[in-house]
Amino acid sequence: MKNIEALELMKLNQNFENQIISNIPANLNKLEQGLYVYAKLCAVLNYDSHFFASDQKGPAAETHKNIEYVESVDIENNEVVCYDFNLICIRMLEKIGIDAVFKYGANFSDAEKIYGKHSDIYMLVPPLDDVEMPYGLKVGEEIVLFGHSDMTHLKVENRLIARLLDNRYKASGEERLKIKQAFDACLNKVIDIVLEEESIAVHQQNEEILNREKLNVLVSEYSKYSMIEQDFLSDNDKINIFLEQVSKIDLGDIASLKYAQRLYSQIEDDLENKEKYGFTIIKEKIANDVYGMVGVISFVGEDMNYYLKITPPNIIQEIKHRELQQGFNDGIFDYIGAYFNANHIIPDIKSEYIEENCNLEVARAKLQYFKEYGRWLDGEAFNIAKRLIDYCAYIDNMCDKSFVENDEIQVKQSLGDEFLVENELGK
Amino acid sequence: MYEEYRNRCKIMQKTYKNNPELYNKYKIIEEMLEIPNCFLNMPISTAINIFVDLGYTKEDARMEYIKVTELKNIV
């Protein structure tokens, strides 16, 4: 376990700290400065894919349990996990005079709470001039920072899910919306600055949603005038174009795979025989208890049966069915719980994970536990709920539909308000 | 970054000003080009077709698509 004194004395890499803090644009108010530090850390740090894929066990986990690791983090040595990120972020915010605390109320002397426990942080709105204070915000109001997922969100989706802990507002719906919009304006301002500094794509999320709706209408109009009906791109061409795009991706491990997944989703609906193809993120054993994350593109049909493995950021290799299946049998490859999606199961490959998890009885047992104890077995309400629905959808294809429909309805009903409230809180 | 495509689109509109159907098609393309990241957010077939409509060969259309959907080129 950590030496408490060491935690309290923990210092960041001085050069790294200076690089971030001295880079804060002069025209930002105190709140924006804090958000800038957070966004900048999300841009320059990456979540350690080995830690993630190894289920937080083994050497990858040991690395991050060492307090000295945090002191070595900088632009080059930039792989962190949630509590590394939080420690760095809180220390940097402190440095510029902004208070931030661990979500579970831990401070630097609560080493056990900080290490080995997934956590987010609350940044407190600092005192600002009336003009600077976004509409409706109050000094000391808590802003939830989700560094562990925002490191990927910023790079792939160009947004942050950090937000006001808005369930604390007593304001009406309209009032809440105005407060949220005022805060989002601040957040978007710093996101744009950071994305531009880091030469990552820049766009406004809200604008993008409106634009997508407009684009859908235009695409539909265009199809009336174009030669789309005589689509000259075969599925093979589309996959090849996708692979060429993948070969140019150069982000952190997780962000690279997530971006590849996004690109794949763009061609997926457009494939004539989409049931023959698939894109799945799994883990691959690198050494004892050490796993990395890889993507697998499947080509499975009457006329083809092979797979391509993407090792992030952009190495693409063919892998034979026999080799992949053997890897699953030997524990070299496996699904990653937090990334598992029943719609993205690798076709024609058997695995213990699927047999254990895509099982109606297991889903029912978990559901029963939820009903009796009011919480999910492993406390991950959102993921479990999502997976349960996925299981039902998956099993739907495996057995009698009406039999499964009842279960799916049951799952959705049991989620009800409790699920929505938990999800709203970002758990 | 879409300047080249906009220019091509304008030329096509001029060329087809007496053909309402084709003129309208290029009017729609022009509107699409005003939307940031439009190529990343539409089906790949549509995107390639647009490039072909803008006068690129099939192979060049493919190259243009890869170019505009590269992360660093997303605006």
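The values are calculated or read from the model by the stated rules, or taken from the named source; none is laboratory data. Since we're looking at a predicted model, the values are computed, not measured. FYI the Cβ positions are ideal-geometry reconstructions off the backbone, even for glycines, and counts take in every protein chain you see.
Could you tell me whether A:Tyr291 is within 14 Å of chain B (Cβ to nearest Cβ), crowded, with 17+ Cβ neighbours inside 10 Å and aromatic (Phe, Trp, Tyr)?
Criteria not met by A:Tyr291.
Please specify each residue of the range B:8-25 satisfying the condition of being assigned to a helix (DSSP H, G or I) and either of a type in the set (S, T, N, Q) or facing chain A (nearest Cβ under 9 Å) (or both).
Those that are assigned to a helix (DSSP H, G or I) and either of a type in the set (S, T, N, Q) or facing chain A (nearest Cβ under 9 Å) (or both): B:Gln13, B:Thr15, B:Glu21, B:Leu22, B:Asn24, B:Lys25.
Counting only residues that are facing chain B (nearest Cβ under 8 Å) and modelled with pLDDT under 85, how many does the range A:251-261 have?
Total satisfying the criteria: 1.
Take the conditions more than 7 Å from chain A (Cβ to nearest Cβ), out of contact with any Pro (no Cβ under 7 Å at 6 or more places or on another chain), under 21 Å from A:Tyr264 (Cα atoms) and part of a loop (DSSP other than H, G, I, E, B) and apply them to B:Phe39. Does it pass?
yes
Where residues in the range A:188-209 are in a loop (DSSP other than H, G, I, E, B) and at pLDDT 55 or above, which of them is nearest to A:Leu41 (Cα to Cα)?
So, considering only residues that are in a loop (DSSP other than H, G, I, E, B) and at pLDDT 55 or above, the one nearest to A:Leu41 (Cα to Cα) is A:Glu198.
Among the residues of the range A:83-93, which ones are in contact (Cβ under 8 Å) with a residue 60 or more places away in the chain and buried (at least 21 other Cβ atoms within 10 Å of the Cβ)?
A:Phe85, A:Asn86, A:Leu87, A:Ile88, A:Met92
Can you tell me which residue is modelled with the lowest pLDDT among those in the range B:54-75 that are assigned to a helix (DSSP H, G or I) and at the interface with chain A (Cβ under 7 Å from one of its Cβ atoms)?
Among those residues, the one meeting the criterion is B:Lys72.
For the range A:255-354, give me every one of the strands (runs of 3 or more DSSP E) that falls completely inside it and has 3 or more residues that are more than 21 Å from the chain's Cα centre (by Cα) and within 25 Å of A:Glu79 (Cβ to Cβ).
In the range A:255-354, the matching strands (runs of 3 or more DSSP E) lie at A:277-287, A:315-319.
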